[in-house]
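S.K.: There's a structure below that I have some questions on.
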Amino acid sequence: MDPDQELAAGLARRELGALHATYERHGERVQRLCLRLLGRSADAEDAAQEVFLRLFERAASFDGRARFSTWLHRLTVNLCLHRLEKERRRVGRSLPDADELVDPGAAPDAELGRTEARETLARLLARLSGEHRAILVLRELEGLSYAEIAATLELPVGTVMSRLARARGELVRLAGARPSDEACPIPHPIPEPT
Amino acid sequence: MIHPDLDCVAARTALSARLDGELDAALTDERVLRAHLAACGACRTHERELRALATAFAELRDEPALSDLWPSIERRARRAQRAPPLLLRVAAGLLGFLGLGGAVWFAQRGLAPRASERHLFERVSAPAPALETLFASLPEYRLLHLSTREDQR
Ligand SMILES: [Zn+2]
């Protein structure tokens, strides 16, 4: 039996041992995904905990149509996007600040070694919509294929492809927007399809 | 000349997909894309920017430091485990609500229930049974109860 199937069955019976095994197997990935989507370390840790508690409450609704890991990542992405949206409505700005996006829990060496490009990208990523941010994180940081992203976000592959292209276009546009408004690298930005 | 089948939006979508090794998904012929790039300076610039972006993402890809969340998860899960499952809580809430609804309905009519309605009244507006009583009859709850007691030992 697939180990994930076994975990899902144990979770559906609300066995704490199954929850622990699931955490051992998928915890790092869930926590990393939360961190990359939410930015702030404390928020990410709280979100990751909530993912596992939801899992404990709702594992019985796992119908096996998707792989268990895909289902778990979908749960994680949806929970993080929901939190981002709530936060956006609460404070009336789009997303966390860039310095909040960079993991404050990283080792000092890693802090020092961070390049300017990295910080710039983190700041730009934080300004994207949750939808664009999620798809870029899944592709660029989690390394998922289009088919895997499609399964995780429950989208057609074609939508994954066009959304990724738009998200990248948006990042490039933001990167080119200088305060003095000069040197915009794209002469004719692509309009967002309606 | 810019290829008539590929405008800049489609070309940039294809460029992004090619970068991911997923040009098949774009249903765009590599030669058509190359022809567009040869004719369109703006899309050539975009391609360079996409490559720079990919390099920058590689920098962000390192593994962040993670904490052990299991102790907190375990504590919260045990608390959740002692509470009846969500479905049962909803059912209990619904029964309580119906009980209250029955009382309100009769109060609004301003009538004592007629003898023929008494059985209905009694059933509907009786206070919702205590959770223990309600769930004790369900095997799932008994199992839960057992596992909780085991945990406490
Ligand atoms: Zn073009």
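S.K.: Could you grab me the full set of residues in region A:38-48 that are buried (at least 22 other Cβ atoms within 10 Å of the Cβ) and part of a helix (DSSP H, G or I)?
M.R.: First, the residues of region A:38-48 that are buried (at least 22 other Cβ atoms within 10 Å of the Cβ): A:38-39, A:44, A:47-48.
Residues satisfying the conditions are A:38, A:44, A:47, A:48.
S.K.: Of the residues B:83, B:54, B:10, which is within 14 Å of the ligand (Cβ to nearest atom), more than 7 Å from every other protein chain (Cβ to nearest Cβ) and modelled with pLDDT under 95? Break it down into steps so the answer makes sense when it comes.
M.R.: Values: B:83 fails: within 14 Å of the ligand (Cβ to nearest atom); B:54 fails: within 14 Å of the ligand (Cβ to nearest atom).
From the options B:83, B:54, B:10, the qualifying one is B:10.
S.K.: Select, from A:10, A:27, the only residue that is farther than 22 Å from residue A:124 by Cα, at the interface with another protein chain (Cβ under 10 Å from one of its Cβ atoms), part of a helix (DSSP H, G or I) and not β-branched (Val, Ile, Thr). Break it down into steps so the answer makes sense when it comes.
M.R.: Details: A:10 fails: at the interface with another protein chain (Cβ under 10 Å from one of its Cβ atoms).
Every option except A:27 fails the conditions.
S.K.: How many residues does region B:45-60 contain that are crowded, with 16+ Cβ neighbours inside 10 Å and over 29 Å from residue A:32 (Cα atoms)?
M.R.: Residues flagged as crowded, with 16+ Cβ neighbours inside 10 Å and over 29 Å from residue A:32 (Cα atoms) within region B:45-60 amount to 2.
S.K.: Inspect region B:72-84 for any residue being more than 15 Å from residue A:140 (Cβ to Cβ), in contact (Cβ under 8 Å) with a residue 60 or more places away in the chain and surrounded by fewer than 17 Cβ atoms within 10 Å (Cβ to Cβ) and give the result as yes or no.
M.R.: Yes, some residue in region B:72-84 is more than 15 Å from residue A:140 (Cβ to Cβ), in contact (Cβ under 8 Å) with a residue 60 or more places away in the chain and surrounded by fewer than 17 Cβ atoms within 10 Å (Cβ to Cβ).
S.K.: Residue under question is residue B:33, and the condition is that it be in a helix (DSSP H, G or I) and touching a Lys or Arg at 6+ places or on another chain (Cβ under 8 Å); does it hold? Walk me through it before giving the result.
M.R.: Details: in a helix (DSSP H, G or I): yes; touching a Lys or Arg at 6+ places or on another chain (Cβ under 8 Å): yes.
So residue B:33 fits the description; yes.
S.K.: Consider residue A:186 against the criteria (1) β-branched (Val, Ile, Thr); (2) over 24 Å from residue A:88 (Cα atoms); (3) at pLDDT 95 or above: it satisfies all of them except one. Which criterion is unmet?
M.R.: Just one mismatch for residue A:186, condition (3).
S.K.: If you don't mind, another one. Among (1) buried (at least 19 other Cβ atoms within 10 Å of the Cβ); (2) away from chain B (no Cβ under 12 Å); (3) at pLDDT below 65, which single condition is residue A:103 missing?
M.R.: Here residue A:103 clears every test but (2).
S.K.: Testing residue A:60 on (1) more than 16 Å from the chain's Cα centre (by Cα); (2) under 16 Å from residue B:72 (Cβ atoms), one condition comes back false. Which one is that?
M.R.: (2)
S.K.: Has region B:61-73 got at least one residue that is more than 9 Å from chain A (Cβ to nearest Cβ), within 23 Å of residue A:32 (Cβ to Cβ) and either within 16 Å of the ligand (Cβ to nearest atom) or at pLDDT 80 or above (or both)?
M.R.: Here is the first cut: in region B:61-73, the ones more than 9 Å from chain A (Cβ to nearest Cβ) are B:71.
Next cut, within 23 Å of residue A:32 (Cβ to Cβ) only: B:71.
Cutting the leftovers down to either within 16 Å of the ligand (Cβ to nearest atom) or at pLDDT 80 or above (or both) gives us B:71.
Checked against the condition, which is being more than 9 Å from chain A (Cβ to nearest Cβ), within 23 Å of residue A:32 (Cβ to Cβ) and either within 16 Å of the ligand (Cβ to nearest atom) or at pLDDT 80 or above (or both), region B:61-73 yields at least one hit.
S.K.: Out of region B:19-44, which residues are within 14 Å of the ligand (Cβ to nearest atom), within 11 Å of chain A (Cβ to nearest Cβ) and surrounded by 14 or more Cβ atoms within 10 Å (Cβ to Cβ)?
M.R.: Narrowing region B:19-44 to residues within 14 Å of the ligand (Cβ to nearest atom): B:28, B:32-44.
Keeping just the survivors that are within 11 Å of chain A (Cβ to nearest Cβ) gives B:28, B:40-43.
Across region B:19-44, the qualifying residues are B:28, B:40, B:42, B:43.
The values are calculated or read from the model by the stated rules, or taken from the named source; none is laboratory data. Remember, it's a predicted structure, so these values are computed and weren't measured experimentally. Cβ atoms come from the backbone with ideal geometry, glycine included; neighbour counts cover every protein chain shown.
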